[in-house]
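Each value in this text was obtained by applying a stated rule to the coordinates, not by laboratory testing. Note that the structure is predicted; figures quoted are calculated from it, not measured. Virtual Cβ from ideal backbone geometry, glycine too; neighbours counted across all protein chains shown.
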Amino acid sequence: MIGKKILDSKPASLNDVIDILNEIPEEEIEFEQSKTLSYAKKFVKIDKKKEKEKIEKIISEIPKINEEKAIKLVEILPKNEDGVRAIFSKEIYTLTDDEVKRILEILWE
């Protein structure tokens, strides 16, 4: 892995990471990849189909949320408004109370 060139970069959910790393034959997987795969399997909270639906719904209903933040919301699954706001604490925009409530509805429906 060290010294290889990055060809492309895009946000990836833990389910995406699992899919990508599962494509590598077991005998070719490197140490870092093996540890990353173990981590992803341990901490993934939702199946890929539901995850994709929730990400798309968040992005379509709240346009100021980008794919990266939508993925983060679905991975963490905050239980309350403070949890949602914590994810956006470093952003230059703020979410309205209605947007936060809608995010929670989408995450927990």
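Observations on the structure shown:
- Computed over the alpha-carbon pairs of the chain, the distance histogram in 10 Å steps reads 13, 41, 28, 15, 3 percent, short to long.
- Taking the Kirkwood radius as Rh and the Cα radius of gyration as Rg, region 1-43 has a ratio of Rg/Rh equal to 0.96.
- Nearest-ten-degree value, helix 48-61 long axis tilted from longest Cα axis of the chain: 40
- Under a 5 Å amide H cut-off, with hydrogens placed 1.01 Å from N, Ala12 pairs with nothing among residues at least 5 apart or on other chains.
- For the residue pairs Lys48/Lys79; Lys5/Lys72; Lys35/Lys64; Lys35/Lys101; Lys52/Lys79; Lys35/Lys69, alpha carbon separations beyond 31 Å are given by Lys35/Lys64; Lys35/Lys101.
- Using the Karplus relation 6.51 cos²θ - 1.76 cosθ + 1.60 with θ = phi - 60°, the per-residue 3J(HN,Hα) values for region 27-44 come to 6, 9, 5, 8, 4, 4, 5, 4, 5, 5, 4, 4, 4, 4, 5, 6, 9, 5 Hz, with x marking Gly and Pro.
- Trypsin sites (Lys or Arg not before Pro) within region 49-96, DSSP loop, no more than 13 other Cβ atoms inside 10 Å: Lys64, Lys79, Lys90
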